[in-house]
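To keep things clear, I will list the structure first and then write my remarks on it.
None of the figures in this text is laboratory data; all of them are computed from the coordinates on show. Given the structure is predicted, the values throughout are model-derived calculations rather than measurements. Heads up, the Cβs are rebuilt from the backbone with ideal geometry, glycines too, and the neighbour counts pull from every protein chain shown.
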Amino acid sequence: MIYLASASERRQELLKQIGITFVTLAPDIDEAPRPFEAPQAYVQRMAHEKAAAGARERDRRGLAAAPVLGADTIVVHDGAILHKPDEVSAARAALGRLSGTEHAVYTAVCLSGRAHHEVVVRSDVTFKALSEAEIDAYCATGEPIGKAGGYAIQGRAALFVTRLSGSYSGVVGLPLYECGRLLAAEGLL
């Protein structure tokens, strides 16, 4: 059993897929990037801070000792992080930037147990050129809201992807191969 320091339904589904029993803790942390922080350093720091906050919450609540898994996923285009849009105009802007281009998706995983384990996985995703009508229709579904880069590859945005190099599950939110190696190092697989 582990604690998942995330409220992400996608991460929960992925852990269930590989047979991991978990209890969800959703720590509230400041997710603002630091000035001049590189995207890879940012995503790694977020995963680490989520795991640490999850461990503090576990201890505060007097829960059983078990490893805590923190993870974070970001979309990076032309060196800039495209955060999770909270409104349609921001989603439209993100999708417009990604249209017809390649971007990087970084997912960092931090497992804090007997030892501290971290990994950052990069995947490269190429989108077809999107028409305004396609962007409008996708935004009308509500799917882009709250998703890194304004899209969910496991949802309707799968129709936009012409190429993926890397980890599909990493783009969804938890790179299962690498996560499995961290869990195995803790004797959990």
For the stretch 16-115, size of Cβ-based charge dipole, Lys and Arg +1, Asp and Glu -1, in debye: 400 debye
For the stretch 93-173, report the translational diffusion coefficient in µm²/s to the nearest whole number, using Stokes-Einstein at 10 °C, 1.306 mPa s, and a Kirkwood Rh over Cα pairs. 117 µm²/s
Please state the relative contact order of the chain as a whole percent: Cα pairs under 8 Å, 6+ residues apart? 22 percent
Between the alpha carbon centres of the stretch 2-22 and the stretch 83-99 the gap in Å comes to 27 Å
Full extension between Leu159 and Thr24 adds, at 0.36 nm per residue less the Cα distance, a length in nm of 45.5 nm
Projected onto the charge dipole of the stretch 20-148 (+1 at Lys/Arg Cβ, -1 at Asp/Glu Cβ, origin at the Cα centre), which of Leu98, Ser112, Gln44 gives the Cα projection farthest towards the positive end? Ser112
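Give me the tail of P(r) for the chain as a percent: Cα-Cα pairs with distance above 21 Å. Please list the in-between numbers first.
Working: 8704 of 17766 pairs.
The proportion of pairs with Cα distances above 21 Å equals 49 percent.
How much FRET efficiency would the formula 1/(1 + (r/R0)^6) give for Thr101 and Arg34, where r is the Cβ-Cβ distance and R0 is 35 Å, rounded to 0.05?
Working: r = 26 Å, r/R0 = 0.75.
It comes out at approximately 0.85.
In whole Å, what three semi-axes, largest first, describe the equivalent ellipsoid of the stretch 67-115 built from its Cα gyration tensor (square root of 5 times each eigenvalue)?
Ellipsoid half-lengths, sorted descending, are 29, 13, 6 Å.
Given charges of +1 on the Cβ of Lys and Arg and -1 on the Cβ of Asp and Glu, with all other atoms neutral, how large is the dipole of the chain about its Cα centre, in debye to the nearest 20? Could the numbers behind the result be given before it?
Values: 20 positive and 22 negative charges, 96 e Å.
Rounded to the nearest 20 debye, it is 460 debye.
What does the extension gain come out to for Asp124 and Ala7, with contour length at 0.36 nm per residue minus their alpha carbon separation?
Working: separation 117, 0.36 × 117 = 42.12 nm, distance 2.50 nm.
Working it through step by step, the gained length comes to 39.6 nm.
Rounding to the nearest 20 debye, state how big the charge dipole of the stretch 86-148 is about its Cα centre with +1 on each Lys and Arg Cβ and -1 on each Asp and Glu Cβ. Present the calculation step by step, with values, prior to reporting the outcome.
On the way: 6 positive and 9 negative charges, 59 e Å.
Here the stretch 86-148 has a charge dipole of around 280 debye.
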Per 5 Å bin, what percent of the C-alpha pairs of the stretch 1-107 does each bin hold, from zero upward? 2, 12, 19, 19, 18, 14, 9, 5, 2, 0
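Suppose a student asked you for the relative contact order of the stretch 76-128, using Cα pairs under 8 Å spaced at least 6 residues apart; what percent would you report? Don't skip to the answer; put the middle values down first.
On the way: 57 pairs, mean separation 18.6, N = 53.
Relative contact order here is 35 percent.
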